[in-house]
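Asks: Pasting in a structure now, in structure tokens, and then I'll have a few things to ask.
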Amino acid sequence: MTVSDTAALLGRWDLTVNYPGKILPSWLEVTKSGIRTLVGRFVGTGGSARPISRVYFVDGKMSFSIPPQWEREDKDLIVEGVLQGDSLSGTMVTPGGATYSWVGRRAPALQRSGIIVWGMPVKLFDGTDLKGWNASGENNQWLGQSGVLRSPHSGSNIVTDEKFNDFKLHIEFRYPNGSNSGVYLRGRYEVQIEDTEGKEPPNNQISAVYGFLPPNEQVARGAGAWQTYDITLVGRLVTVVFNGKTVICNEEIPGITGGALDSREGDPGPIYLQGDHGPIEFRNITITQRQ
């Protein structure tokens, strides 16, 4: 393996995994440690970004393994692939022993230029019904009433019909003890909501971009209180203002987070709210798009 060989694999890759009857998103980043060693990060179809201690790449063939995260089994996830031109393809063997094929393409940089001009704020939720939203599963438990978009128990996630590119999002939320949710930007990048302040690594806690970007301070009000996100997303650059405090300031989101709808990072995407991890309530949801 030569230095020029390794250069072909370096960078970020948006993956799609072929599960029975559906295609699920995944993500891979390969970087160099020192002179010749390749390392990286991996996001599966769920969970957070995980470090890869070593990526092997010889004669166009790549492989790595990582220990289980939320899986019950003890075996490693094993990923193998072949680089052909500017695309990757291969197989992954799960800790449970199932084998799935996958394909990958280079992730777009999403760099923006020019002066940002914002439009007018638009309500995404009218306070009375689910118009403009659709549940992503069969168990639609969502209710829109009295100004609150409510998921009283675990069930479907909910997604806007409209898709967005660059925007400013205002959203207020409230959760009970022990609950968990998230706000997905373009349906791909989760800003975490979770009643476990201090119990998770910082980049998995409330107001983090899940698995990637931790907040610079924790300003959660706790279970039972209404709280506020003001989130600006331009390309990959995100700013999160949590309860009036800027906790993430114009930082780059490297790639999709676990639970993303797809890995087509160059496309517009919806706002998606997680409803499969416990009760959650939202209100006063508005979006302002870049013109």
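The values are calculated or read from the model by the stated rules, or taken from the named source; none is laboratory data. What you are looking at is a predicted structure, and each value in this text was computed from that prediction instead of being measured. Reconstructed Cβ throughout: ideal geometry from the backbone, glycine too, with neighbour counts over all protein chains shown. Please note that ligands, DNA and RNA were not included when accessible areas were found on the heavy atoms of the full protein model with its side chains. Shrake-Rupley method; radii C 1.70, N 1.55, O 1.52, S 1.80 Å.
Asks: Take a quick pass over the stretch 1-129 and tell me how many lysine pairs come in under 30 angstrom between Cα atoms, counting only ones 8 or more apart or on separate chains. Can you show the working numbers first?
Replies: Values: 22/61; 22/75; 32/61; 32/75; 61/75.
Value for the stretch 1-129: 5.
Asks: Magnitude of the Cβ-charge dipole of the chain, K/R +1 and D/E -1, about the Cα centre, nearest 20 debye? List each step's numbers first, then the result.
Replies: Details: 28 positive and 31 negative charges, 92 e Å.
Computed charge dipole of the chain: roughly 440 debye.
Asks: Just want to confirm a number: the relative contact order over the stretch 1-112, from Cα pairs under 8 angstrom separated by 6+ residues, in percent. Before the final figure, lay out the partial values.
Replies: Details: 230 pairs, mean separation 24.1, N = 112.
Over the stretch 1-112, the number comes to 21 percent.
Asks: Between residue 249 and residue 109, with labels modelled 7 Å along Cα→Cβ, what's the label distance in nm to one decimal, could you check?
Replies: So the label points at residue 249 and residue 109 sit 2.5 nm apart.
Asks: Which distance in Å, rounded to a whole number, links the C-alpha centroids of the stretch 161-200 and the stretch 214-278?
Replies: What the calculation gives is 6 Å, centre to centre.
Asks: Further question on the same structure: If you take all C-alpha pairs in the stretch 2-104, what percent of them are over 22 Å apart?
Replies: Working: 1283 of 5253 pairs.
It works out to 24 percent of all Cα pairs.
Asks: Could you compute the longest span of the chain free of trypsin sites (Lys or Arg not before Pro) located in DSSP loops and having at most 16 other Cβ atoms within 10 Å, not counting the site residues? Walk me through the intermediate numbers first.
Replies: Numbers: sites that count: 36, 72, 75, 112, 131, 163, 199, 221.
Between the exposed loop sites, the longest stretch runs 222-291.
Asks: Moving on to the next point. Among 85-98, 266-279, what's the highest-first ranking by average C-beta atoms within 10 angstrom per residue? Present the calculation step by step, with values, prior to reporting the outcome.
Replies: Working: 85-98: 14.1, 266-279: 19.7.
Ranked by mean Cβ neighbours within 10 Å, highest first: 266-279, 85-98.
Asks: Per residue, what accessible area does the chain have, given a 1.4 Å probe and all protein chains present, in Å²?
Replies: Details: 13330 Å² over 291 residues.
Roughly 46 Å² per residue, with all protein chains present.
Asks: Expressed as cubic angstrom per residue, what is the convex hull volume of the alpha carbon set of the chain? Write down the numbers at each step before the final one.
Replies: On the way: hull volume 41.9 nm³, N = 291.
Residue-normalised Cα hull volume stands at 144 Å³.
Asks: Excluding ligands and nucleic acids, what accessible area in Å² is computed for residue 170 using a 1.4 Å probe, to the nearest 10?
Replies: That residue has around 50 Å² of solvent-accessible surface.
Asks: At most 11 other Cβ atoms within 10 Å and a DSSP loop assignment: could you name the chymotrypsin sites (Phe, Trp or Tyr not before Pro) in the stretch 1-91 that fit?
Replies: Values: sites: 13, 27, 42, 56, 57, 64, 70; in loops: 70.
Qualifying residues, ordered by number: 70.
Asks: Could I ask something else about it? Round to the nearest 0.05 the FRET efficiency obtained for residue 120 and residue 86 when R0 = 51 Å and r is the Cβ-Cβ distance. Show your work: numbers first, answer last.
Replies: Values: r = 40 Å, r/R0 = 0.79.
Result of the calculation: an efficiency of 0.80.
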